[in-house]
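A.B. asks: Take this structure first; my questions come after.
The values are calculated or read from the model by the stated rules, or taken from the named source; none is laboratory data. Keep in mind that what you see is a predicted model, and the values were worked out from it rather than measured. Positions of Cβ are backbone-derived with ideal geometry, glycine not excepted, and every protein chain shown enters the neighbour counts.
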Amino acid sequence: MTLSELILSVGDEKIGIQNLDDCAIALDYSAKSGTKITFGTNQSIDLNGTVKLGMVIWLDREAVKAAIENERKNPETHSGTE
């Protein structure tokens, strides 16, 4: 299953986005072990972990910036009601 198929199957209304740039508490880079990111979330927890499943998805920063700018300039073409 691709990410697009997963999102389509779950539905936009059941998906939230939390940008790590906005919620990072600490960023630590080590050449040996890579980058460690500590972040905060408002997701509640139960015995299984967080109530909602969290996933980390890495996107090309410039592609996201371009997509947001395109949406801002042409909101009628991306209304999600196609």
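A.B. asks: Looking at region 41-50 only, could you name the residues that are surrounded by 10 or more Cβ atoms within 10 Å (Cβ to Cβ) and under 17 Å from the mean Cα position of the chain (by Cα)?
C.D. replies: Once the filter is applied, which keeps residues that are surrounded by 10 or more Cβ atoms within 10 Å (Cβ to Cβ) and under 17 Å from the mean Cα position of the chain (by Cα), region 41-50 yields 41, 43, 50.
A.B. asks: With respect to residue 31, is the statement that it is out of contact with any helix residue (DSSP H, G or I) (no Cβ under 9 Å at 6 or more places or on another chain), at pLDDT 95 or above and surrounded by 10 or more Cβ atoms within 10 Å (Cβ to Cβ) true?
C.D. replies: no
A.B. asks: If you go through region 54-61 one residue at a time, do you hit one that is part of a helix (DSSP H, G or I), under 14 Å from the mean Cα position of the chain (by Cα) and among the charged types (D, E, K, R)?
C.D. replies: yes
A.B. asks: So, residue 17, is that one in contact (Cβ under 8 Å) with a residue 12 or more places away in the chain and surrounded by fewer than 10 Cβ atoms within 10 Å (Cβ to Cβ) or not?
C.D. replies: For residue 17, the condition - in contact (Cβ under 8 Å) with a residue 12 or more places away in the chain and surrounded by fewer than 10 Cβ atoms within 10 Å (Cβ to Cβ) - is not met.
A.B. asks: Count, please, the residues in region 26-69 that happen to be farther than 21 Å from residue 3 by Cβ and either in contact with a His (Cβ under 8 Å, 6 or more places away or on another chain) or in contact (Cβ under 8 Å) with a residue 12 or more places away in the chain (or both).
C.D. replies: Number satisfying all stated conditions: 3.
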